[in-house]
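The values are calculated or read from the model by the stated rules, or taken from the named source; none is laboratory data. Keep in mind the model is a prediction, meaning the values are calculated, not measured. Reconstructed Cβ throughout: ideal geometry from the backbone, glycine too, with neighbour counts over all protein chains shown. Protein only, heavy atoms only, side chains kept; ligands, DNA and RNA dropped before computing areas. Shrake-Rupley method; radii C 1.70, N 1.55, O 1.52, S 1.80 Å.
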Amino acid sequence: MLEVPDMLYMEEKEMKIAPSFLSCDFSKFGEELVRMDKAGADYIHLDVMDGHFVPNITFGAPVIKWGRPYTKVPFDVHLMIDEPHRYIEDFVNAGADIITIHLECSSNIGDTLRQIKSYGVKAGLSIKPKTAAEEVFPYMEIVDWILIMTVEPGFGGQSFMADMMPKVKVIKDYAKTHGKEIIIEADGGINAETIGMCQDAGIDVAVSGTGVFKADDAAAAISALKAHV
Ligand code: DX5
Ligand code: ZN
């Protein structure tokens with residue numbers, strides 16, 4: 001009988017976990033990066049907020065650049081800012097691997113996504129809860145990554161909006177019929193209680209801020225999120 005490796009029967013890919021550093025201890029940012037790397041983070045999720053696009057201010061490209069030498073885990077930079085086109089080069093130079101802009105921001109979306117890709121960096125597009133999934137369709141040719149917000153952007157520690165999950169199928173079905181490979185990330189309120197809904201919906205990358213950083217053991221928290229069935 002023909003021996004078929006088990007791998008062929010495995011699910012295409014397991015869900016990846018991206019700890020959101022919004023909840024880290026910034027007095028030891030470097031150590032926190034090393035801690036999440038050792039704990040099994042697949043991506044480092046970095047939330048940039050300008051106090052204009054969202055009602056909160058965090059950090060910019062210089063902080064990301066300081067953090068870059070501490071880990072080789074890819075930096076997933078979530079820009080919750082207006083006019084992101086003005087700062088793309090700064091985030092590329094700071095060491096971003098994926099740069100995600102918001103569809104609701106004030107820059108030209110197509111041009112900014114192309115600008116990101118011109119540097120050889122992955123381009124992501126995020127939608128806030130009130131934005132319909134179909135609104136990403138015009139950009140599907142250009143984007144590598146779609147970030148579905150499962151809370152209103154701006155703050156960590158909010159409750160997961162389960163009614164965002166049908167957006168995953170809408171986008172995945174569209175991608176499939178257009179022969180497009182897309183990664184779908186969800187962000188906001190993801191923890192041990194809500195990760196199952198992300199898995200059922202087919203999310204590829206789950207962001208978790210308080211769910212990972214407030215846990216006593218980050219490695220156990222990340223493994224539990226990945227293992228949840
Ligand atoms: C919210 C940010 C999230 C946030 C998630 O605007 O985009 O990345 O840090 O935090 P939790 O997992 O605590 O909801
Ligand atoms: Zn985020």
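I'd like the full set of residues that are open to solvent by 10 Å² or more (accessible area, probe 1.4 Å) and of a type in the set (A, V, I, L, M, F, W, C), limited to the stretch 128-181. Across the stretch 128-181, the qualifying residues are Ala132, Phe137, Ile142, Phe155, Phe160, Met161, Ala162, Met164, Met165, Val170. Regarding the stretch 66-88, can at least one residue be identified that is hydroxyl-bearing (Ser, Thr, Tyr), within 15 Å of ligand 1 (Cβ to nearest atom), within 29 Å of Thr131 (Cβ to Cβ) and at pLDDT 95 or above? No, the stretch 66-88 has no match at all.
Annotation note: of Gly156, Gly120, the sole residue that is at positive phi, part of a loop (DSSP other than H, G, I, E, B) and either in contact with a helix residue (DSSP H, G or I) (Cβ under 6 Å, 6 or more places away or on another chain) or not charged (D, E, K, R) (or both) is Gly120. No other residue among Asp173, Asp204, Asp187, Asp144 is within 12 Å of ligand 1 (Cβ to nearest atom), among the acidic types (Asp, Glu) and under 24 Å from Glu14 (Cβ atoms) apart from Asp187. If only residues of the stretch 190-212 that are open to solvent by less than 20 Å² (accessible area, probe 1.4 Å) and touching a Ser or Thr at 6+ places or on another chain (Cβ under 6 Å) are counted, the one that is farthest from ligand 2 (Cβ to nearest atom) is Ile190.
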